[in-house]
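Below is one structure; the comments refer to it alone.
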Amino acid sequence: MNPASVLPEPSTLVWTREPANEPLAANDAPLTAVRDLIRDGNRTELVDELRRWDPVDVMQLLTRLRLKQARKLFQWLPANPSIKVVAELRPEFRAILMEESTLEQFRDILAGLDPEDAVEILNEFPDDVADELITRLPDVEDIATRGSYADDTAGRVMARKFVALPEDCTAGEAVEQMRAEADRIRRIFTVYVTDADGKLTGTVEVGKLLLAPHETRLQAIMNRDVIAVSADTDQEEVLRLARKRDMRTVPVVSTEGHLIGRVTPKQLTRIAADEANEDMLLMSGVSAEARSDDTVVRIVRGRLPWLLAGLVGASIAATVVGSYEDQLAEAAILAAFIPVTMSMAGNAGLQASAVAVQGIATGALWSGDIFYRLTKELIAALFNGAIAGTLLGLLVLTASLLVPLEAPLRLALATSLSLLCVTTLAAMVGATVPILLDKIGIDPAMAIGVFITSSNDVLGVLIFFLMATTFYLG
């Protein structure tokens, strides 16, 4: 055995929690020791030490190791620590570590668990890994049911652990039931009330339940204004509802109204992060499925369609410019203002569309105030366009004092009016298109990428040359 791979004293193999993306020099020594232990196959010593580590620290250790070593260490870890570590890992690292042998290991673990516990564990895995594990467990009906729900729905993310009691149950009995369920359910914020048929009829917040006299029936203190979602409700709609109604957890019911699960605060936070990441990728013109560890083929497949769409838009804009070849030959100075116009159009459109998408995603944009919002966008765009156009006109007049320009007043007027019109129209397009896409069931974040930029570039160039032809060359 290599002397260098002997496990250090427990006091020396200590991991210091690292801030995000900031490796600490203090962890270099334990990192080197772990690498040596993995290289020399000292599984027992290393696993015994890592059992005492927090899963977050083990996760950070895994991400600092080379991929080959991280895979081996993950395979060495026993079931419970492995599952906890998987829950802490970012999706891209979880996907890398999930090899065939590891899937077989988790299949054996899940097959020996209570179905409800197995489903809770599956919720910690990436969707593709969870789906693969479900296909390997055809005899576990409760687990397989999860696979019947579509991706990104309430049924896919809901937890099956909750406290549901009949209406005639007393507050004291409810508190006792909560205590009995404490080991099974980590956090209980709401007790659900059902009728004789098991249908959800009300909710009682834990605080209200604890303050009520023990003999009080739940039907006397429950909130009958029940807000629930079906299992096939899109997870973004669930998040929007939770934010709008300030709900910690969202109950999920079957088509018959029976309570089948709840979307927990942890899942709501995860949904918010997933949706934000998806919108960010779409706004950047990248496929929502893109990951940092994608292969070259996946990168090309995910990005090329957006680039080609941008190429089409740029080609149309170039065609518009080419159609005014005579005007450019007559006044070459106009070419200097084409980038300015296209930039202002793109920026104004992106700003307006970003606000619209945010309003749709958070539920702040209601159908009843769409006209009011669009009117505000129009007025704001007019002010922005007027100010930007005035400044550009003043710059043209100032430049005419330093360099000879033909008809500087007319040039200043043409460029100022074109900037006013371009900014206003681009802002209205940016504010309107996401709303229209949302109405027809298309993710509005897609509007912010290539579509808004390309369309506004074309419109901006067209308007600029129309203004230039009318007020400068006319």
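The values are calculated or read from the model by the stated rules, or taken from the named source; none is laboratory data. From a predicted model like this one, the values you see are computed outputs, not experimental measurements. When we count neighbours, we look across all protein chains shown, and the Cβ atoms used for this are built from the backbone with ideal geometry, even at glycine.
Only a single item in (1) at pLDDT below 70; (2) touching an Asp or Glu at 6+ places or on another chain (Cβ under 7 Å); (3) buried (at least 17 other Cβ atoms within 10 Å of the Cβ) is not met by GLU92, and it is number (3).
Scanning the range 455-465 finds one or more residues that are in the same structural domain as TYR324 (by TED's automatic domain parsing) and farther than 25 Å from ALA331 by Cα. Scanning the range 379-388 turns up at least one residue that is polar (S, T, N, Q), modelled with pLDDT of 85 or more and crowded, with 18+ Cβ neighbours inside 10 Å. Residues in the range 190-236 that are assigned to a loop (DSSP other than H, G, I, E, B), buried (at least 17 other Cβ atoms within 10 Å of the Cβ) and not polar (S, T, N, Q): ALA212, MET222, VAL226, ALA228, ALA231. Against the criterion of being of a type in the set (S, T, N, Q) and either in contact with a Phe, Trp or Tyr (Cβ under 6 Å, 6 or more places away or on another chain) or closer than 19 Å to ILE316 by Cα (or both), SER454 qualifies. Scanning the range 167-189 for residues that are within 21 Å of VAL229 (Cβ to Cβ) and loosely packed, with under 13 Cβ neighbours inside 10 Å yields a count of 1. Taken over the range 43-63, the residue count meeting the criterion of being surrounded by 15 or more Cβ atoms within 10 Å (Cβ to Cβ) and in a loop (DSSP other than H, G, I, E, B) is 1. Is it the case, given these coordinates, that THR423 is assigned to a helix (DSSP H, G or I), surrounded by 17 or more Cβ atoms within 10 Å (Cβ to Cβ) and under 26 Å from the mean Cα position of the chain (by Cα)? Against the criterion (assigned to a helix (DSSP H, G or I), surrounded by 17 or more Cβ atoms within 10 Å (Cβ to Cβ) and under 26 Å from the mean Cα position of the chain (by Cα)), THR423 does not qualify.
How about the range 170-225: which of its residues are closer than 15 Å to PRO251 by Cα, charged (D, E, K, R) and more than 31 Å from the chain's Cα centre (by Cα)? The answer is LYS199, ARG224. Out of curiosity, is GLY385 part of a helix (DSSP H, G or I), free of Cβ contacts under 8 Å to residues at least 24 places away in the same chain, in contact with a helix residue (DSSP H, G or I) (Cβ under 6 Å, 6 or more places away or on another chain) and not β-branched (Val, Ile, Thr)? For GLY385, the condition - part of a helix (DSSP H, G or I), free of Cβ contacts under 8 Å to residues at least 24 places away in the same chain, in contact with a helix residue (DSSP H, G or I) (Cβ under 6 Å, 6 or more places away or on another chain) and not β-branched (Val, Ile, Thr) - is not met.
The residue pairs whose first member lies in the range 418-443 and is touching a residue at least 40 places away in the same chain (Cβ under 8 Å), whose second member is aromatic (Phe, Trp, Tyr) and not in a loop (DSSP other than H, G, I, E, B), and whose beta carbons are closer than 8 Å, counting only pairs six or more residues apart or on different chains, are SER418/PHE337; SER418/PHE464; VAL422/PHE464; VAL433/PHE451.
When you look at ALA380, is it of a type in the set (Gly, Ala, Ser), farther than 30 Å from ALA309 by Cβ, assigned to a helix (DSSP H, G or I) and assigned by TED's automatic domain parsing to the domain that holds LEU334, yes or no? For ALA380, the condition - of a type in the set (Gly, Ala, Ser), farther than 30 Å from ALA309 by Cβ, assigned to a helix (DSSP H, G or I) and assigned by TED's automatic domain parsing to the domain that holds LEU334 - is not met. Residues in the range 393-416 that are part of a helix (DSSP H, G or I) and of a type in the set (A, V, I, L, M, F, W, C): LEU394, LEU395, VAL396, LEU397, ALA399, LEU401, LEU402, LEU409, LEU411, ALA412, LEU413, ALA414. Given the conditions (1) modelled with pLDDT of 55 or more; (2) surrounded by 15 or more Cβ atoms within 10 Å (Cβ to Cβ); (3) touching a helix residue (DSSP H, G or I) at 6+ places or on another chain (Cβ under 8 Å), and given that LEU7 satisfies all but one, which numbered condition is not satisfied? It is condition (1) that LEU7 fails. Checking the stated criteria, ALA25 turns out to be among the hydrophobic types (A, V, I, L, M, F, W, C) and at pLDDT 75 or above.
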